[in-house]
Amino acid sequence: SDNISVASGDEDERKNETQALVGGGGPIAPPSDFAKTAGRFLFCFTGLQVSYLTWGYMQELIMTTTFTPTPSAPDGRFPSAAFCVFSNRFLAIIVAMIAVRIKHGSILQNNVAPLVAFAPCALSNTMSSWSQYASLRYVSFPVQTVFKSSKIIPVMVMGKFLKGTNYPYSQYLEALLITVGVAIFSIASKRSNSDTTTEIIGLLFMCTYITFDSFTSQWQSKVYDKYGKANVDPYQMMLGVNSSAIVMTTMGLIAGGDIPKIIEFFQVNPNVLQYNIITAITSASGQLFIYTTIKEFGPIVFTVIMTTRQMMSICISSILFGHTMTWKAAVGATLVFGVLFYQIRKKYIASQRK
């Protein structure tokens, strides 16, 4: 969750995935080094799971908990999804600058792509992150997580529109099956006491998320193609996108008048500030584990780990936040993840034939 910046988790984690996959994967160690390889895998697996499971939990905690009310937030709900995006972007820039400095010797070294080249995907990245946080006011985290899997359709549409990419009919069938699974899960998970209008608003936020997120990954790919992967590495992409995004989120906070509300809310609920900090840290650590995992074991292993993480996050959220799952919802989720693992298997077979 869900391809580029270190900013927010599943929404941001999907963006991180696209960005990191560009770097490819290194060879797996020979059998004689099995113990070392197993140790590195356990380290990467644990790091990804802890980072993103914590991130998901904190995200839901921030956006769904009723805290102590304030004059500007009488319902006790955290008043600004935009600040959640801002805090993640702020830390993302710091991490990106450190990474670029270590790899290239200078933050501004080898900057072939101008900052304006990253602006479109920075805007879409910001909007998708904001939509993801905002949607949790209206839909449950499990519904959000499964719904994100249907982003394959807008990704294909954006690929066709932005790059003229042609996809095989089998891929359209897989996208259709995922969409059916998501629809079954979403409908079956609808709470009997919930307002239909509220549910629709949440799904609209999720549609906004997957649309902007799909544009982000395809635009990033376009930047890599235009300026060359040798001239724009994932860390430079991360720095470029977040540099533009932090300006946009800051302007959004000022224009929306959120800053006074946030300060007031933190003064009454200081623990929420701690939650936001933890969210930003786990998103950043997850980003670093993404790069390490793909470098050590390749994109297929990484995808298996992250798909497993999605399933675990649904279980954890259901237990900790009391989300019930009917057998119909389970069927929908099984269909979605079944197709996802089938896609992973296809990629593995294709990689073995090369």
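The values are calculated or read from the model by the stated rules, or taken from the named source; none is laboratory data. Just so you know, these numbers come straight off a predicted model, no measurement behind them. FYI the Cβ positions are ideal-geometry reconstructions off the backbone, even for glycines, and counts take in every protein chain you see. Ligands, DNA and RNA are stripped out before the accessible areas are found, and what is left, the full protein with its side chains, is counted by its heavy atoms. Shrake-Rupley method; radii C 1.70, N 1.55, O 1.52, S 1.80 Å.
Mean residue ellipticity at 222 nm, helices only, the chain: -26000 deg cm²/dmol; runs of at least 4 DSSP H residues each add -39,500 (n - 2.57), and the sum is divided by the number of residues. When both the stretch 306-354 and the stretch 233-302 are represented by their alpha-carbon centers, they are found 25 Å apart. Placing unit charges on the Cβ atoms only, positive for Lys and Arg and negative for Asp and Glu, gives the chain a dipole magnitude near 940 debye about its Cα centre. Heavy-atom surface analysis with a 1.4 Å probe gives the chain a carbon and sulfur content of 69 percent of its accessible area. Taking the inverse of the mean reciprocal distance over all distinct Cα pairs, the Kirkwood hydrodynamic radius of the chain comes to 20.7 Å. Restricting the trypsin sites (Lys or Arg not before Pro) of the stretch 207-266 to loop positions (DSSP other than H, G, I, E, B) with no more than 15 neighbouring Cβ atoms within 10 Å leaves 229. A Förster radius of 35 Å, combined with the Cβ-Cβ distance separating residue 207 from residue 169, puts the computed FRET efficiency at roughly 0.90. Largest first, the extents of the alpha carbon coordinates of the stretch 240-354 on the three principal axes equal 57, 41, 23 Å. Eigenvalues of the Cα gyration tensor times 5, then square-rooted: what semi-axes does that give for the stretch 243-288, in whole angstrom, largest first? Equivalent ellipsoid semi-axes, largest first: 21, 19, 4 Å. Checking the a/c ratio against 1.5 first, then a/b against b/c, what shape does the Cα gyration tensor give for the stretch 157-278? It comes out oblate by the Cα gyration axes. Compared with the alpha-carbon gap, the fully stretched path from residue 43 to residue 273 is longer by 79.9 nm at 0.36 nm per residue. Under the classification rounded if a/c is under 1.5, otherwise prolate if a/b is larger than b/c and oblate if not, where does the stretch 48-185 fall, given a ≥ b ≥ c as square roots of the Cα gyration tensor eigenvalues? Oblate shape, in that a/c is at least 1.5 and b/c is the bigger or equal ratio. In the full protein context, the stretch 193-264 carries 45 Å² of accessible surface per residue, based on a 1.4 Å probe and ignoring ligands, DNA and RNA. For the pair residue 349 and residue 77, label points projected 7 Å from Cα toward Cβ lie 4.6 nm apart. Under the rule a/c < 1.5 gives rounded, and otherwise a/b versus b/c splits prolate from oblate, where does the stretch 40-112 land using the Cα gyration tensor? Oblate.
With R₀ set to 25 Å, the beta-carbon distance separating residue 321 from residue 68 gives a calculated FRET efficiency near 0.80.
The charge dipole of the stretch 210-337, taken about its Cα centre with unit charges on the Cβ atoms of Lys, Arg (+1), Asp and Glu (-1) only, comes to about 240 debye.
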